[in-house]
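Student: Please read through the structure below; I'll follow up with questions.
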Number of protein chains: 2
Amino acid sequence: MSHSPTMNDVARVAQVALKTVSRYVNGATNIDPVLSDRIAAAIEELGYRRNLAAASIRPGWTSKMVGLIVSDLANPYYSVLARAIEEELGQAGYMLIVASSEEDGGRHDRLVDRLIEQRVDGLIIVPPQHAGRDWASIPPPIPPIVFLDRPGSHVAADTVLTQNVEGAATATKALLDTGAKNVAFVGDSLEIFTIRERYRGYEQALIERGLEPDPRLRFDTAHSSEQATIAVDAILADGTADAVFAANNRASIGALLSFNAHDRHLPLIGFDDFEAAPLSSPPVSVVGPDMERMGKDAAVLLLARLRGTDAPFAEHVLSADLILRGSERAR
Amino acid sequence: MSHSPTMNDVARVAQVALKTVSRYVNGATNIDPVLSDRIAAAIEELGYRRNLAAASIRPGWTSKMVGLIVSDLANPYYSVLARAIEEELGQAGYMLIVASSEEDGGRHDRLVDRLIEQRVDGLIIVPPQHAGRDWASIPPPIPPIVFLDRPGSHVAADTVLTQNVEGAATATKALLDTGAKNVAFVGDSLEIFTIRERYRGYEQALIERGLEPDPRLRFDTAHSSEQATIAVDAILADGTADAVFAANNRASIGALLSFNAHDRHLPLIGFDDFEAAPLSSPPVSVVGPDMERMGKDAAVLLLARLRGTDAPFAEHVLSADLILRGSERAR
């Protein structure tokens with residue numbers, strides 16, 4: 001055969017209708033097994049291969065790709081989410097394009113443009129710290145969007161969040177319960193939704209227990225674990241704080257590095273579980289959502305939109321559960 | 001305007017040649033700044049957007065996407081590689097589709113097919129433990145491939161590897177230098193290239209030092225950290241081994257979990273650095289490559305192919321450097 005084999009060739013060789021071949025290659029499962037076997041044999045014989053790039057520009061066809069924008073794919077928090085999303089989308093025949101915004105609005109906007117140019121069928125977005133342009137300013141069509149981890153400004157979108165306020169309050173109270181009086185807050189910028197909410201939960205817990213939040217105990221410059229280490233070095237040098245609430249996994253790791261360097265471990269609870277948490281000495285207590293569940297939820301919401309659901313846009317909020325491993329106690 | 005704006009519309013409004021608009025939207029940097037500004041203004045005015053899906057099926061155009069297949073994106077080893085690749089490709093205008101083979105040859109093959117259907121311009125592949133079909137059996141065209149971490153069977157491909165034998169020998173000797181006589185090997189299946197090579201380096205080091213490798217000290221069933229914990233539990237219960245060489249980051253983490261559970265820390269060195277390594281007590285000594293460099297190298301090799309280089313296919317082998325943090329000593 002001198003040309004690339006087409007679906008028509010497959011239909012001819014398999015002696016079935018073109019429509020049936022089309023349904024087969026698009027993953028329909030309710031095809032007569034006899035026809036299905038004939039199609040599979042014809043595809044193998046001819047070396048037929050779908051051209052999804054061509055398919056995606058035909059009316060009614062899709063690219064079968066979803067774009068995911070996270071802050072930083074190298075942060076295990078995001079790679080665990082990405083893996084869960086990949087798994088769920090893969091079962092429905094979608095592939096995942098992953099990109100990192102680095103919390104930068106301009107970069108995020110360029111990535112969104114690229115993904116739309118690439119004709120992705122849907123987007124899962126962790127909105128960056130520094131917001132990009134308004135979604136309303138982007139010329140349509142915009143594919144279905146799910147906002148993950150942080151709410152987005154686009155109204156027509158599903159959202160998957162964590163109980164940030166509640167989880168932070170739970171963690172702070174657990175530290176107070178072990179006898180701490182001056183719990184320091186160590187986290188990234190309060191411009192980030194999750195960190196702001198977690199600070200709110202930390203404050204609420206203090207106030208509920210009759211304590212005054214002390215701005216000198218608020219350290220909100222810890223974007224990287226290195227910056228968190230610097231903050232916790234300062235906390236140890238100052239001597240006022242008698243416990244640390246770390247607002248994300250970078251902050252927890254920075255606190256551990258500082259504690260180890262000074263061989264002095266204040267009681268510690270971190271938001272979001274991380275691989276190193278059970279390995280340190282003492283193992284780190286954490287509060288946070290089931291991350292695999294969180295990624296899966298985002299993918300399931302998007303898949304429902306891709307199947308055309310017109311359900312009202314939903315906000316899924318996952319519970320943040322406390323896992324006590326020992327680091328919440330003084331030693 | 002009733003239709004989606006085209007490059008012709010942009011050229012008309014900007015009063016420049018279509019060819020110049022085409023060069024602009026494809027990222028050429030040597031365009032007269034006056035024309036460049038006019039084109040940018042016209043693009044904004046018209047809301048012009050490239051259709052890369054359409055572009056990718058025209059002769060000479062590309063999809064501007066690269067496919068990456070790793071074993072498991074949730075393993076930080078692979079997410080750090082993926083992030084480095086994303087960064088390097090992004091600077092050249094490419095987006096990255098990431099997928100996890102889970103070491104399964106059939107799944108790997110289906111992912112390769114999907115990525116080729118998606119008309120990716122190139123592939124970066126970590127070959128799975130259980131090899132898929134022969135690359136020669138895949139109908140052309142196959143885009144340029146770079147094999148990462150493990151060599152692939154396709155001859156026409158660049159490869160990025162680590163000095164597995166040398167690194168493992170260095171780690172094993174470092175353990176012997178601290179007085180160990182019976183170093184246990186804990187790792188994933190020897191069917192995996194990297195693990196097999198590391199076992200070879202471990203054996204070589206023992207033989208060089210006049211020691212007989214003892215098959216009872218070889219534990220090669222540790223795919224997950226949980227399985228590594230079970231292996232190290234058995235090592236501790238048996239009592240013969242007086243040190244552990246962990247052949248990858250999963251094995252290191254499993255060893256740490258077992259040591260912590262039994263409050264008994266044998267001297268330990270692991271292959272591949274990992275985030276938790278400096279955080280445990282004692283901090284874990286490791287041997288391994290610069291992972292960001294490794295990802296970047298793979299992307300640079302692929303980009304050269306995408307630019308049409310006809311250089312002979314290369315094998316880049318990164319050095320595996322020893323980082324001593326304390327866990328190599330008995331305590």
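Student: Go through B:D9, B:D32 for me and flag whichever is modelled with pLDDT of 75 or more and touching a Phe, Trp or Tyr at 6+ places or on another chain (Cβ under 9 Å). Steps first, answer last, please.
Tutor: Working: B:D32 fails: touching a Phe, Trp or Tyr at 6+ places or on another chain (Cβ under 9 Å).
Being modelled with pLDDT of 75 or more and touching a Phe, Trp or Tyr at 6+ places or on another chain (Cβ under 9 Å) holds for just one of B:D9, B:D32, which is B:D9.
Student: On to the next question. Please find, within segment B:85-98, the residue that is nearest to B:M291 (Cα to Cα) out of those that are within 8 Å of chain A (Cβ to nearest Cβ) and surrounded by fewer than 23 Cβ atoms within 10 Å (Cβ to Cβ). Steps first, please.
Tutor: Start the filter on segment B:85-98 by keeping residues that are within 8 Å of chain A (Cβ to nearest Cβ), which leaves B:86-87, B:90, B:95-98.
Then drop every residue that is not surrounded by fewer than 23 Cβ atoms within 10 Å (Cβ to Cβ), which leaves B:87, B:90.
Working: B:E87: 13, B:G90: 18 Å.
The residue in question is B:E87.
Student: Here is a follow-up. Return the residues of segment B:99-114 that are farther than 18 Å from B:S153 by Cα and more than 7 Å from chain A (Cβ to nearest Cβ); say none if nothing qualifies.
Tutor: Across segment B:99-114, the qualifying residue is only B:E102.
Student: Only one of B:V120, B:V112, B:V126 is without any contact (Cβ under 8 Å) to a residue 60 or more places away in the chain, farther than 16 Å from A:Y78 by Cβ and touching an Asp or Glu at 6+ places or on another chain (Cβ under 7 Å); which? Spell out how you get there, then give the answer.
Tutor: Details: B:V120 fails: touching an Asp or Glu at 6+ places or on another chain (Cβ under 7 Å); B:V112 fails: touching an Asp or Glu at 6+ places or on another chain (Cβ under 7 Å).
B:V126 is the lone residue from the list that is without any contact (Cβ under 8 Å) to a residue 60 or more places away in the chain, farther than 16 Å from A:Y78 by Cβ and touching an Asp or Glu at 6+ places or on another chain (Cβ under 7 Å).
Student: Quick check on my filter: what residues within segment A:61-73 are in contact (Cβ under 8 Å) with a residue 12 or more places away in the chain and over 19 Å from A:W135 (Cβ atoms)?
Tutor: Across segment A:61-73, the qualifying residues are A:T62, A:S63, A:K64, A:M65, A:D72, A:L73.
Student: Quick check: is even one residue across segment A:104-117 at pLDDT below 90 and surrounded by fewer than 21 Cβ atoms within 10 Å (Cβ to Cβ)?
Tutor: Yes, because at least one residue in segment A:104-117 is at pLDDT below 90 and surrounded by fewer than 21 Cβ atoms within 10 Å (Cβ to Cβ).
Student: Quick one: is A:A205 part of a loop (DSSP other than H, G, I, E, B) and either modelled with pLDDT of 95 or more or of a type in the set (A, V, I, L, M, F, W, C) (or both)?
Tutor: no
Student: Another question about this same structure. With the condition kept exactly as written, say whether any residue in segment A:46-67 is under 24 Å from B:D121 (Cβ atoms), at pLDDT 90 or above and of a type in the set (K, R).
Tutor: Scanning segment A:46-67 turns up at least one residue that is under 24 Å from B:D121 (Cβ atoms), at pLDDT 90 or above and of a type in the set (K, R).
Student: Need a quick list: strands (runs of 3 or more DSSP E) entirely within segment A:213-331 having at least 2 residues that are within 14 Å of chain B (Cβ to nearest Cβ), more than 30 Å from A:G93 (Cβ to Cβ) and open to solvent by less than 10 Å² (accessible area, probe 1.4 Å).
Tutor: Passing ranges, in order: A:268-271.
The values are calculated or read from the model by the stated rules, or taken from the named source; none is laboratory data. Keep in mind that this is a model prediction, so the values were computed, not measured. Cβ: placed from backbone, ideal geometry, glycine included. Neighbour counts: every protein chain shown. Quick note on the areas: whole protein, heavy atoms, side chains included, nothing else; ligands and nucleic acids left out. Shrake-Rupley method; radii C 1.70, N 1.55, O 1.52, S 1.80 Å.
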